[in-house]
Amino acid sequence: MLKRIISPLAFLFFAWIIVSNEDAKTIIAGIAIFLIGMHYMEDGFKLFSGGTLELVLEKFTSSTPKAIGTGFLATAVVQSSSLVSVIIISFLSAELIGLTQAVGVVFGANIGTTTTAWLVSSFGLKIKIAQYALPMLIFGVVMQFSRQNAYKGLGSVLIGLGFIFLGIAYMKDGFETMKDGLDLAEYAMQGYLGVFVYILFGAVATVVIQSSSATMAIIITALASGQIDYINALSLAIGANVGTTVTAVLGALASNRNGKRLAVAHFIFNIVTGIVAVMLIYQLQALVERLAPMLAIASDDYAMKLALFHTIFNVLGVLVVTPFIGRMVRYLETLFRTREEGRGNVKYLTYEVMEIPAAALAAIRKETVHLYDKSMEAIVHAMNLHRHDIFSDAEAARIVERSRETIRIDIDQVYQQEIKHLYGEIIRYSSISQGYMDETGNQEIYELRLAARHIVEAVKDIRELQKNLNFYAKSNNDDIVDSYNQLRVELVSVLRKIQEIRHFEGDEEEVLTQIETQKESSRESETLMNQRIDGLIRDNRIDSYTASSLINDIGFTRSISKKLLKCAVILWVRDDEIKELGDEYEYE
């Protein structure tokens, strides 16, 4: 009840401020336009990069220094640490990178956000930046009509830059006119009391605006117009960094456990950095004064000095925390662990990151492999065998001969409660992801969905085969028992071959050769089995009813083998030309 009252009252109070104060209206409009620009730039780089950003973040994070450098450069270019964080969380979820590399990228992204301060202090305050905003908006809108994603993305980036420049100009004008009626510098506070008070202001402003870049733009424009004192501006910058911890935590609430772990890493980094900066604020101020002349920064250019201070204490934070990344990661991995999840739950599909094509494709592929593993376990148990026996060095016929006990497994229940749910989630996730894919990505999704369908159909086939396997295993007719044992031997051979293919690290053409060899072996096995049945019927060693059941089950065995081998080609042969070559040798 209280929340329902507070929200409308807060909105009305906010509206009253905007209506009653022209200067506040101009500043708030500038903030709003700036935030719109950040949003357009983020969306634009998703399209404009064409997967380049994702590729860079995946390939150049093999070590902590590389991860930090990559995070810095990526954030400096796209001007959005949130976009970089989303991509990193998606890669982490799809296991394309490890938690150590992800933490390094986040640390680097924190340094990358300082480039916004340099942009505002260097260009936004020294030239009439609004003059450049309108051409950018015009060309950006024109490019939005293009059918090519790259041009649309570039158009969004231009629109974003235009709005950012326009927002800075509005904030600058608002603070300059406000000085005539209200001088906030009169309320400047000295000493550590002022430091803590303004840190709180900066943190609250960042939590409300949900953008440390926008907060820094406000601080710099207010400082340049003389509305706030220099030392208080330094405190506000520290507060803006601290405030992003709340933003990260709020953003991670709906994320998966990897996203939550990264949010904790972000929180630890910013809190440690904030503490160090507060303890050394006057020493860092003195360092800025010493470095400023070396960087050709004028003695009275406090906006540029603030940008330099912002960069120095973020770099200092990285230097302080980086040696402890290993310990931090070990601690993070102990967090957000859950009890054994439902066996039919997905492991890699996270809906908050499906807009990143590379990560979405990797997640779908890994989830399809997860589906295969679950289904393979069900298939093995339906044959009254165990995986450790199948993948041992023992001869397949001997393993089958020794396995005389029935394994109690309800394949229909496993299918309904686990396999079907996983398959449905893959279909749902891939259908939504297709909206963000190009033609190549959509083709890969189609193949992965086809592989998932083959897996599910193989489970349905083993469900039918299991009935007769268990029934005839108790038969006194050795010919029937031997025939069904032969079917199990055939499936063991196929599963073993797929396991070899899965872990094969050589030439993929060799993989295709192995698959074709196994297909030929399965065809020959089917022919021999049918010939054997014909002989048993002629010799009256089995009746027609049993013979018809056995013939049907040979068909199910062939179907399972065929579908699993097709699935193996899709999942573990990545070269498209080799895949096409394999399609020429399909089963008849």
Worksheet entry | Positions within the stretch 217-233 being buried (at least 21 other Cβ atoms within 10 Å of the Cβ) and in a helix (DSSP H, G or I), in sequence order | Ala217, Ile218, Ile219, Ile220, Thr221, Ala222, Leu223, Ala224, Asn232, Ala233
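Yes or no, residue by residue, for (1) modelled with pLDDT under 85; (2) under 20 Å from Ile88 (Cβ atoms):
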position: Leu280; (1), (2): no, no
position: Phe324; (1), (2): no, yes
position: Arg330; (1), (2): no, yes
position: Gly342; (1), (2): yes, no
Discussion item. Between Gln434, Gln499, which is over 16 Å from Thr557 (Cβ atoms) and without any contact (Cβ under 8 Å) to a residue 12 or more places away in the chain?
Written reply: Gln434
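If you check Val481 against the conditions, is it modelled with pLDDT of 85 or more and either surrounded by fewer than 21 Cβ atoms within 10 Å (Cβ to Cβ) or closer than 30 Å to Ala362 by Cβ (or both)? Spell out the reasoning first.
Values: modelled with pLDDT of 85 or more: yes; either surrounded by fewer than 21 Cβ atoms within 10 Å (Cβ to Cβ) or closer than 30 Å to Ala362 by Cβ (or both): yes.
So Val481 fits the description; yes.
Restricting attention to the stretch 70-86, does a residue exist that is of a type in the set (Gly, Ala, Ser), assigned to a helix (DSSP H, G or I), assigned by TED's automatic domain parsing to the domain that holds Ser212 and at pLDDT below 75?
As a first pass, look at the stretch 70-86 and keep what is of a type in the set (Gly, Ala, Ser): 71, 74, 76, 80-82, 85.
Retained after the next criterion (residues that are assigned to a helix (DSSP H, G or I)): 71, 74, 76, 81-82, 85.
If we keep only those that are assigned by TED's automatic domain parsing to the domain that holds Ser212 as well, we get 71, 74, 76, 81-82, 85.
Now restrict to residues that are at pLDDT below 75: 81-82.
Among the residues of the stretch 70-86, at least one is of a type in the set (Gly, Ala, Ser), assigned to a helix (DSSP H, G or I), assigned by TED's automatic domain parsing to the domain that holds Ser212 and at pLDDT below 75, which makes the answer yes.
Count, please, the residues in the stretch 502-515 that happen to be assigned to a helix (DSSP H, G or I) and free of Cβ contacts under 8 Å to residues at least 12 places away in the same chain. Show your work before the answer.
Pass one, the stretch 502-515, residues assigned to a helix (DSSP H, G or I): 502, 508-515.
After this cut, where a residue has to be free of Cβ contacts under 8 Å to residues at least 12 places away in the same chain as well, the list is 510, 513.
Going through the stretch 502-515 one residue at a time, the tally reaches 2.
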Worksheet item: Which ones in the stretch 366-386 are of a type outside the set (A, V, I, L, M) and in contact (Cβ under 8 Å) with a residue 40 or more places away in the chain?
Response: Lys366, Glu367, Thr368, His370, Tyr372, Lys374, Ser375, Asn384
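If only one of Gln499, Gln518 is part of a helix (DSSP H, G or I), touching a Lys or Arg at 6+ places or on another chain (Cβ under 8 Å) and surrounded by 14 or more Cβ atoms within 10 Å (Cβ to Cβ), which one is it?
Details: Gln499 fails: touching a Lys or Arg at 6+ places or on another chain (Cβ under 8 Å).
Within the list Gln499, Gln518, the selection yields Gln518.
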Worksheet item: Is it the case that the stretch 340-360 has a residue that's basic (Lys, Arg) and assigned to a loop (DSSP other than H, G, I, E, B)?
Response: yes
Item to complete: Would you be able to tell me the number of residues in the stretch 367-414 that are exposed (fewer than 14 other Cβ atoms within 10 Å of the Cβ), of a type in the set (S, T, N, Q) and assigned to a helix (DSSP H, G or I)?
Response: 1
Discussion item. Which pairs turn up if I take residues in the stretch 55-75 that are more than 23 Å from Ala363 (Cα to Cα) and look for partners that are of a type in the set (Ser, Thr, Tyr) and not in a helix (DSSP H, G or I) with beta carbon separation below 9 Å, at least 6 apart in sequence or on another chain?
Written reply: Thr75/Thr113
Practice prompt. Looking only at the stretch 185-216, count how many residues are within 23 Å of Ser299 (Cβ to Cβ), part of a helix (DSSP H, G or I) and of a type in the set (A, V, I, L, M).
Written response: 3
Fill in: Subset tally (residues that are farther than 22 Å from Glu418 by Cα and in contact with a Ser or Thr (Cβ under 7 Å, 6 or more places away or on another chain)) for the stretch 437-461
0
Item to complete: Of the numbered conditions (1) closer than 18 Å to Leu223 by Cβ; (2) over 36 Å from the mean Cα position of the chain (by Cα); (3) of a type in the set (A, V, I, L, M, F, W, C); (4) at pLDDT 80 or above, Phe196 fails exactly one; give the number of that condition.
Response: (1)
Discussion item. Between Lys474, Lys467, which is basic (Lys, Arg) and part of a loop (DSSP other than H, G, I, E, B)?
Written reply: Lys474
Item to complete: Can you work out which of the residues in the stretch 288-310 that are charged (D, E, K, R) and at pLDDT below 90 is surrounded by the most Cβ atoms within 10 Å (Cβ to Cβ)?
Response: Asp301
Worksheet item: When Phe269 is evaluated against the numbered criteria (1) at pLDDT below 90; (2) assigned to a helix (DSSP H, G or I); (3) within 29 Å of the chain's Cα centre (by Cα), which criterion, by number, is the only one it fails?
Response: (1)
Discussion item. When you check Arg538 against the structure, is it at pLDDT 85 or above, surrounded by fewer than 17 Cβ atoms within 10 Å (Cβ to Cβ), closer than 24 Å to Arg408 by Cα and assigned by TED's automatic domain parsing to the domain that holds His381, yes or no?
Written reply: no
Discussion item. Quick test for you: out of Gly441, Gly435, Gly424, pick the one residue that is assigned to a helix (DSSP H, G or I), touching a Pro at 6+ places or on another chain (Cβ under 7 Å) and not hydroxyl-bearing (Ser, Thr, Tyr).
Written reply: Gly441
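The values are calculated or read from the model by the stated rules, or taken from the named source; none is laboratory data. Keep in mind it's a predicted model, so treat the numbers as computed, not measured. FYI the Cβ positions are ideal-geometry reconstructions off the backbone, even for glycines, and counts take in every protein chain you see.
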